[in-house]
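Below is one structure, written out as structure tokens, with a few remarks after it.
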Amino acid sequence: MTPNVIILAAGKGSRMKSNIPKVLHPVAGEPMLHRVIKTAAQLAPKEMHLVLGHGIDQIEASLSALDGPLNTVLQAEQLGTGHAVKIALAHVPDDGISLVLYGDVPLITHGTLAECVAAAQLGHLSIVTAEFSDPAQLGRIARNDAGYIEAIIEYKDASDDERAITEINSGILAAPTHLLRNWLNRIEPNNTQGEYYLTDIVGLAVADGVAVHGIVVADENEVMGVNDRAQLAEAERLFQGQQTASLMAAGVSFADPARVDIRGSLSCGIDCFIDINTVFIGDVSLGEGVTVGPGVVVEDSTIGGGVHIKAHTVIEGATIGEDCQLGPFARIRPGSNFAAGVKIGNFVETKKASLGKGAKASHLTYLGDATIGPEVNIGAGTVTCNYDGVDKHQTTIGKGAFIGTNSTLVAPLKIGDDAFVAAGSTVTSTVEPESLAVGRARQRTISKWLSPMRRRKPQE
């Protein structure tokens with residue numbers, strides 16, 4: 001039985017001190033709320049309802065980046081978590097299970113949620129809990145002799161013995177929808193805040209003879225709520241640590257796992273080495289034995305086995321074949337496609353450029369909208385002039401061609417197989433195979449010429 005999911009995200013988040021709603025602050029490059037939604041989506045829920053309040057326009061605008069239908073519910077007046085869930089339940093049928101989540105708990109896992117839902121399917125009220133080494137002022141979980149939860153005790157109301165309890169309430173819960181609705185209709189705002197507390201349903205469930213089942217997470221950090229920027233930074237480090245630990249277990253080495261950021265999905269073959277201050281964005285795949293140097297950024301790219309990416313290289317939307325060498329300080333822009341053994345050196349930029357096997361551009365070059373054959377040598381300072389101010393044009397260079405240093409290739413242009421372009425040439429028309437193109441002015445040497453500076457000096 002798949003659940004209906006309710007995600008609470010109406011709070012102001014004043015401790016974040018931001019014009020951005022708290023739940024839109026990112027962990028690993030993705031808003032916390034989006035992470036919770038994607039985790040919940042793994043349960044294949046019947047419906048997903050977001051309870052919003054502060055910053056609703058910004059949040060709703062962000063949801064366009066997500067797949068699947070999402071129902072947003074406005075909590076115009078902030079009257080507590082119980083009130084928020086009750087508003088959402090107006091859109092949920094009685095049959096089935098309802099799962100309540102929080103938009104600022106980004107590290108919750110699918111496994112924990114699945115276990116929580118499974119317990120609720122037995123007719124229980126199921127609550128996710130955690131053992132905290134330092135529970136501070138969090139609500140304590142009181143269990144009966146049978147191991148079921150009998151109460152959630154707020155810190156301010158707890159005795160010394162109760163404060164010694166280390167199991168705390170995460171707030172995440174699941175229950176049969178008809179029971180949850182009944183309990184919420186019965187709770188009262190009998191507290192100093194005048195709010196409807198969701199935790200009050202525990203006492204009602206116990207009074208009704210419904211077992212309250214506690215799901216204890218293996219790691220307390222999984223239920224960590226983010227309320228300020230310090231906690232946001234902590235969540236970021238925890239998430240990154242999880243990612244690098246998983247990769248190391250799969251055969252990847254890091255110079256320092258604490259100095260790597262994975263902002264998306266990173267898959268690696270065995271024996272990859274990743275140096276410090278590297279960033280991976282979107283969907284990135286590294287083949288076996290890839291070496292990634294310090295300060296490298298890779299976004300939405302596929303990197304073949306044996307590739308060496310040298311320091312401070314940026315790769316975006318590219319496909320890199322096996323055994324290529326890239327950088328240092330190279331920029332590989334979207335649409336770049338390199339065959340095996342390509343060499344791209346320092347301060348070389350490519351965009352929508354296809355390079356054949358063994359082709360190389362070692363220094364200070366721009367290759368845009370270009371198809372370059374195998375074993376081509378591109379000299380330093382070469383530029384493909386692909387833009388005429390209105391349209392982009394293609395440059396095609398045949399296999400084995402040699403492009404001399406400081407050449408300017410004005411597209412549209414075709415250079416044939418094994419052709420040679422002399423250094424310093426501006427080439428504007430077709431170069432036939434096995435031909436030499438020289439596109440530069442004839443040298444003149446003027447003897448006894450004085451530079452302007454020398455002319456200003458009095459003659460001895």
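Taken over the range 298-319, the criterion of being within 13 Å of the chain's Cα centre (by Cα) and surrounded by fewer than 21 Cβ atoms within 10 Å (Cβ to Cβ) is satisfied by Glu299, Asp300.
Look at (1) of a type outside the set (Lys, Arg); (2) part of a loop (DSSP other than H, G, I, E, B); (3) over 21 Å from Asn182 (Cβ atoms) and you find that Pro93 fails only one, number (3).
Note on the range 429-455: residues that are assigned to a loop (DSSP other than H, G, I, E, B) and either basic (Lys, Arg) or under 20 Å from Gly373 (Cβ atoms) (or both) total 10.
Considered as a group, the residues in the range 424-455 that are over 23 Å from Ser407 (Cβ atoms) and aliphatic (A, V, I, L, M) include one that is modelled with the highest pLDDT, and that residue is Ile446.
Right, Gly209: modelled with pLDDT under 90 and not basic (Lys, Arg) or not? So Gly209 fails the test. Remark: Asn185 falls outside the filter, which requires a residue to be assigned by TED's automatic domain parsing to the domain that holds Leu107, at negative phi and surrounded by 17 or more Cβ atoms within 10 Å (Cβ to Cβ). Among the residues of the range 25-36, is any at positive phi, in the same structural domain as Glu195 (by TED's automatic domain parsing), in contact with a Ser or Thr (Cβ under 6 Å, 6 or more places away or on another chain) and surrounded by fewer than 22 Cβ atoms within 10 Å (Cβ to Cβ)? Looking through the range 25-36, none of the residues is at positive phi, in the same structural domain as Glu195 (by TED's automatic domain parsing), in contact with a Ser or Thr (Cβ under 6 Å, 6 or more places away or on another chain) and surrounded by fewer than 22 Cβ atoms within 10 Å (Cβ to Cβ).
Scanning the range 244-253 for residues that are touching a Pro at 6+ places or on another chain (Cβ under 9 Å) and either more than 19 Å from Gly269 (Cα to Cα) or surrounded by fewer than 19 Cβ atoms within 10 Å (Cβ to Cβ) (or both) yields Ala245, Met248. Which of the residues that make up the range 334-351 are more than 20 Å from Gly306 (Cβ to Cβ), touching a Gly at 6+ places or on another chain (Cβ under 7 Å) and in a loop (DSSP other than H, G, I, E, B)? Result: Pro334, Gly335.
Scan the range 388-399 and tell me whether some residue there is assigned to a loop (DSSP other than H, G, I, E, B) and of a type in the set (Gly, Ala, Ser). Full working, then the answer.
So in the range 388-399, the residues assigned to a loop (DSSP other than H, G, I, E, B) come out as 388-391, 393-394, 398-399.
Narrowing further to those that are of a type in the set (Gly, Ala, Ser): 389, 398.
Within the range 388-399, one or more residues are assigned to a loop (DSSP other than H, G, I, E, B) and of a type in the set (Gly, Ala, Ser).
Scanning the range 15-25 for residues that are touching a residue at least 60 places away in the same chain (Cβ under 8 Å) and closer than 17 Å to Tyr102 by Cβ gives Arg15, Met16, Lys22, Val23, His25.
The residues of the range 135-173 that are modelled with pLDDT of 90 or more, touching a helix residue (DSSP H, G or I) at 6+ places or on another chain (Cβ under 6 Å) and among the polar types (S, T, N, Q) amount to a single one, Ser170.
Going through (1) more than 32 Å from the chain's Cα centre (by Cα); (2) more than 29 Å from Asp208 (Cα to Cα); (3) crowded, with 23+ Cβ neighbours inside 10 Å one by one, Val105 falls short only on (1).
The values are calculated or read from the model by the stated rules, or taken from the named source; none is laboratory data. Please read these numbers as outputs of a predicted model, since none were measured by experiment. Virtual Cβ from ideal backbone geometry, glycine too; neighbours counted across all protein chains shown.
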